[in-house]
Number of protein chains: 2
Amino acid sequence: MTAPLKGYTILDLTHVLAGPFCTMTLSDMGAHVIKVEPPRGGDDTRAFPPFKDGKSAYFAAINHGKKSIALNLKEDGDRAIFDRLLARADVVVENFRPGVMERLGYGWEDLHAAYPRLIYGAVSGFGHSGPDAKRPAYDMVVQARGGVMSITGEKDREPVRVGASIGDIIAGMYLTQGILAALLDRDRTGKGRKIDVAMLDSILATLEHAVALTTVTGKAPGPTGARHPSITPFETFHASDGLFVIAAGNDKLFEKLCICLDLPLSDDPRFATNPARCENTRLLKRLIEAVTLEHTCAHWIAKLTAAGIPTGPIQTIDQVLRDPQILARNMVVDVLDKNGRQAYKAAGNPIKMTDAPDPTTRGPAPDLDGNRGEILRWLEQG
Amino acid sequence: MTAPLKGYTILDLTHVLAGPFCTMTLSDMGAHVIKVEPPRGGDDTRAFPPFKDGKSAYFAAINHGKKSIALNLKEDGDRAIFDRLLARADVVVENFRPGVMERLGYGWEDLHAAYPRLIYGAVSGFGHSGPDAKRPAYDMVVQARGGVMSITGEKDREPVRVGASIGDIIAGMYLTQGILAALLDRDRTGKGRKIDVAMLDSILATLEHAVALTTVTGKAPGPTGARHPSITPFETFHASDGLFVIAAGNDKLFEKLCICLDLPLSDDPRFATNPARCENTRLLKRLIEAVTLEHTCAHWIAKLTAAGIPTGPIQTIDQVLRDPQILARNMVVDVLDKNGRQAYKAAGNPIKMTDAPDPTTRGPAPDLDGNRGEILRWLEQG
C-alpha cells in the first residue's frame, strides 16, 4: 500500500475554500502539505461556524492532515524560512488576488528563475489575465456571472444558488488536475510550470448542455426546476409520502417504466420517443403521478430498481451520511483531534485506488503554527 | 510550447458524460485519446439534441479532438485490435455498469496481469463496491440521493436540480485526478493501478459546509434560495432593472458596502458582526434593497466594484458566452468540422498553463469509426 502522491511536498498558501479544497485532495492522495498561514488568525475559515470544542468544524473538514506554520512574508526571518521551504517543495499553491505574490517578491517569474523545477498553482475569481483579473470574487459572484444560477431554480421564479459552493470547488478541482499534469511533465522534463485557474472559467466549463443549446439555437435556456431540460421522464415525482426521482433516460427504460406502472403509454405517439415526451412533459407527469401517488417512495424505488430503472430518494444531508452505500464506500471519515480522539466527521476521498490506503480516519487539522518545530526540523534534515 | 500530457495515450470506452468529460480534459491537456465505440450507433450522445448539420452539437462539445474506432468487443477480429490498442495505451477509461468489463474478459484483474503498466479508470453511479454497486444511475439520481438537491432551491418549496450535470461532471473530474496521480506513480514504479470513482461519492465530497453543519449540530440544512447559508449579506438583491449579487464576505467588506450605499448600519449591533447579520438577514435585505432599487444593476455593480466589494450580474448563458472576461480568457472555442470549418462553439480549457498551447479552435469530434485507418496504421508503426 502506497499513496500515489507520497513523496511530493506541497507548499500551501491558500485560504477559505478553492485552494484548500485542492490541497485536501492532494493530501488525501498522499502528498505532504505544509500550510503557510499569516500569523494573525491564519486561514479565515478558522473563524467559520460551526464550532466544536471551540474550533471550526468547517476548517477541520477541509484542512485535516495538513501541517501549519505561521509566517509573515513581509518579515526577513520568516522569508528566509519560506525560501528554504520553496527550495524543498514540488508545488506552491496560492489563491490570493492576482498581484499579491508579485508584491511579496514571490511571483511566478521570480520563483521560476530561482526554483526551475517548482510548479506554481494559482486559483482566483477571474484568473490572472483579462480586464477583470483584479476584481474580488466569492463563490456566489461566479455562480451568478458564470451562468449556472440562470439555469438553476424554478421557471418564472428568481434564480437560486447551487447549494454546494461549486464556484470554489470546481475551480479547486481544475487546479488539482493542472498541478498533477504539470508534475507529470516536470518529472520528465525537469521544468516547472504555472497553472492559472479562474472560478468564472470553471463554472462555464461545467455547462456543456446549456452551452451547446445556446450556441446552436441562439437562445439561452432557463431554469427547469427539478426536471432535466431535454430528457423525459427525468425528474421528481410525488409518491404517497413525498418526492422521489425517476430517470428513464431512453426509450427502453421508458418502456420498462410503463410496464412497472401499468401505464400503456410506450406505443402512444405522444410518448413513444424522447422528443415527443419532452413536448408532453406536463401531461406525462400527471399520468405517472396518478399512479405513483398510490404508494410510498420506498415502494416505488424498490419496484423500479428491481426492473433496472434508475430511481432513488431525495435525501437530506443526515440521510446521506447514514446511507449504506456511502458507508460501504468509506465516504464518511473521522477527523481526529490532536489527542487522537474522533472529533469531527468529514467526507472521505472519492478517488478509490488499488494499493492506495483509504483510511477511515484523518489526521487532525493543524492549530495555527502548530507544526513549526516539526517543519523546521524537517528543513534541517534536508 | 508542449502540452503537459503529450505522449500519453488514453483508450476511451466511455459514453454520455462522466467518462467523456474526463477524457476531454485529458485531451485538452495534450493526451492522445482513442474513443472505442460500439459499431451500432456509437456513443449515445451522437443522438442527443441539439443538432447542427445533422450532427449532435452536444457530442461535439465533449468529444472534440478525440479519434474514433468502432469495435465489437464480442467479436474475435475486433478483440485482437483492442488487445493491440491496450498494449500501446497508458490508460483505459470506462463508465459501464460494474461487471460489464469482467464479462468481456477485460476486467481489471485480467488487464493488470496482461499489461502491468496500464492504468484503469472507471466511473459509475455508485462505484464498484457496496450493496448498490450494480444499480443504474443518471446524474439526476445521484443529485437527489447525494444530498445536493436537498440544499438547492427555495425554502418551503420543492427541491430543484442543479442546472449543470454536476453528478456526472464532478465524478469525471475526480477520475481525471485519480488517473493523473496514478500516472505520476506509475512513471516512478512501473506499476499500473485501478481507479474507481462513484458519482454518488463525488456529490457528497462537494458538500463541505453542509456536512460540517450536519455532523456538528445533528440537523441537516435545507435550501436557502439565492442566499449563502452562513454568510450575510451574500445573496441576490433587486436593483431598478433586475437582480444582481452582493457577496460581502466579512465585516470589512460590509463596512465598505454600508459606505457605498450610504446606510449607517455597520455599527448597529443588529448588523455589526456576521452572526448578527445572519440573525437579521431579512431585515438587512429590505434595508439594502430600499437603496439598491433606486438604480440599475450596472450602476451598483460599477460602484461596488470600484469600492472593492465582490458583486456581479446574474448572467444567462448567451451573456456568459459574450462576457469580455470569458473571451479574454479564451474560454469559448470553435470546434471545427472535418472540413476545417468552424462548426460549433464549446467551452474552452479552464486549466491555463505556461508553455502549454491554448488554441482557439478544437479538432473535430470524430465520426463513428472515422479514424479506423489512421489508428490501424498507428498500431502498425508500433
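The values are calculated or read from the model by the stated rules, or taken from the named source; none is laboratory data. If you're wondering where the values come from, they're calculated on a predicted model, not measured in any experiment. Virtual Cβ from ideal backbone geometry, glycine too; neighbours counted across all protein chains shown.
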Is it the case that A:GLY340 is at positive phi and in the same structural domain as A:LEU243 (by TED's automatic domain parsing)? no
Segment B:311-323, residues that are at the interface with another protein chain (Cβ under 10 Å from one of its Cβ atoms) and of a type outside the set (Ser, Thr, Tyr): B:GLY312, B:PRO313, B:ILE314, B:GLN315, B:ILE317, B:ASP318, B:GLN319, B:VAL320, B:LEU321, B:ASP323
Selection within segment B:28-71 - of a type in the set (A, V, I, L, M, F, W, C) and within 17 Å of the chain's Cα centre (by Cα): B:MET29, B:PHE59, B:ALA60, B:ALA61, B:ILE62
Could you go through segment B:39-48 and let me know if any residue there is in contact (Cβ under 8 Å) with a residue 12 or more places away in the chain and acidic (Asp, Glu). yes
Single match in A:MET1, A:MET24 (criterion: among the aliphatic types (A, V, I, L, M), in contact (Cβ under 8 Å) with a residue 40 or more places away in the chain and in contact with a Pro (Cβ under 6 Å, 6 or more places away or on another chain)): A:MET1
Residue check: is A:ASP196 acidic (Asp, Glu), touching a Pro at 6+ places or on another chain (Cβ under 6 Å) and under 28 Å from A:ARG97 (Cβ atoms)? no
Is it the case that segment B:266-287 has a residue that's within 30 Å of B:ASP367 (Cβ to Cβ) and surrounded by 19 or more Cβ atoms within 10 Å (Cβ to Cβ)? no
Criterion first (modelled with pLDDT under 95, over 30 Å from A:VAL141 (Cβ atoms) and more than 8 Å from chain B (Cβ to nearest Cβ)) does A:ASP241 satisfy it? no
Does A:GLY65 meet the test of being away from chain B (no Cβ under 14 Å), under 23 Å from A:THR361 (Cβ atoms) and crowded, with 18+ Cβ neighbours inside 10 Å? yes
Could you check, for segment B:91-100, whether at least one of its residues is touching a Leu at 6+ places or on another chain (Cβ under 9 Å), modelled with pLDDT of 95 or more and part of a helix (DSSP H, G or I)? no
Kindly provide the set of residues from segment B:107-127 that are surrounded by fewer than 21 Cβ atoms within 10 Å (Cβ to Cβ) and either more than 27 Å from B:ARG188 (Cβ to Cβ) or of a type outside the set (A, V, I, L, M, F, W, C) (or both), ordered by number. B:GLY107, B:GLU109, B:ASP110, B:HIS112, B:TYR115, B:PRO116, B:ARG117
Filter segment A:248-289 down to residues that are under 19 Å from A:GLY225 (Cα atoms) and among the β-branched types (Val, Ile, Thr) and give me whichever is modelled with the highest pLDDT. A:ILE288
Would you mind finding the one in B:THR25, B:THR14, B:THR2 that is of a type in the set (Ser, Thr, Tyr), within 10 Å of chain A (Cβ to nearest Cβ) and within 20 Å of the chain's Cα centre (by Cα)? B:THR25
When you go through (1) more than 22 Å from A:PRO221 (Cα to Cα); (2) part of a loop (DSSP other than H, G, I, E, B) one by one for B:SER150, which number turns out not to apply? (2)
Check segment B:42-56 and report whether any residue there is crowded, with 16+ Cβ neighbours inside 10 Å and away from chain A (no Cβ under 14 Å). yes
Filtered residues of segment B:38-56 (kept if assigned to a loop (DSSP other than H, G, I, E, B) and more than 11 Å from A:LEU213 (Cβ to Cβ)): B:PRO38, B:PRO39, B:ARG40, B:GLY41, B:GLY42, B:ASP43, B:ASP53, B:GLY54
Can you spot a residue in segment B:153-161 that is more than 8 Å from every other protein chain (Cβ to nearest Cβ) and either touching a residue at least 24 places away in the same chain (Cβ under 8 Å) or surrounded by fewer than 21 Cβ atoms within 10 Å (Cβ to Cβ) (or both)? yes
Hey, B:HIS295 more than 12 Å from chain A (Cβ to nearest Cβ), assigned to a loop (DSSP other than H, G, I, E, B) and not charged (D, E, K, R) or not: yes
Could you look through segment B:212-237, keep only residues that are of a type in the set (A, V, I, L, M, F, W, C) and more than 7 Å from every other protein chain (Cβ to nearest Cβ), and pick out the one that is farthest from B:ASN250 (Cα to Cα)? B:PHE237
Those residues of segment B:212-225 which are touching a residue at least 12 places away in the same chain (Cβ under 8 Å) and aliphatic (A, V, I, L, M), in sequence order: B:LEU213, B:ALA220
Yes or no: A:VAL142 aliphatic (A, V, I, L, M), more than 7 Å from chain B (Cβ to nearest Cβ) and either more than 24 Å from B:ALA60 (Cβ to Cβ) or outside any helix (DSSP H, G or I) (or both)? yes
Across segment B:167-211, the tally of residues that are more than 7 Å from every other protein chain (Cβ to nearest Cβ), in contact (Cβ under 8 Å) with a residue 40 or more places away in the chain and over 20 Å from the mean Cα position of the chain (by Cα) stands at 4
Top-ranked residue of segment A:324-355 - restricted to ones that are in a loop (DSSP other than H, G, I, E, B) and more than 7 Å from every other protein chain (Cβ to nearest Cβ), ranked as surrounded by the fewest Cβ atoms within 10 Å (Cβ to Cβ): A:ASN339
Could you list all residues from segment A:125-156 that are of a type in the set (Phe, Trp, Tyr) and farther than 18 Å from B:LEU321 by Cβ? A:TYR138
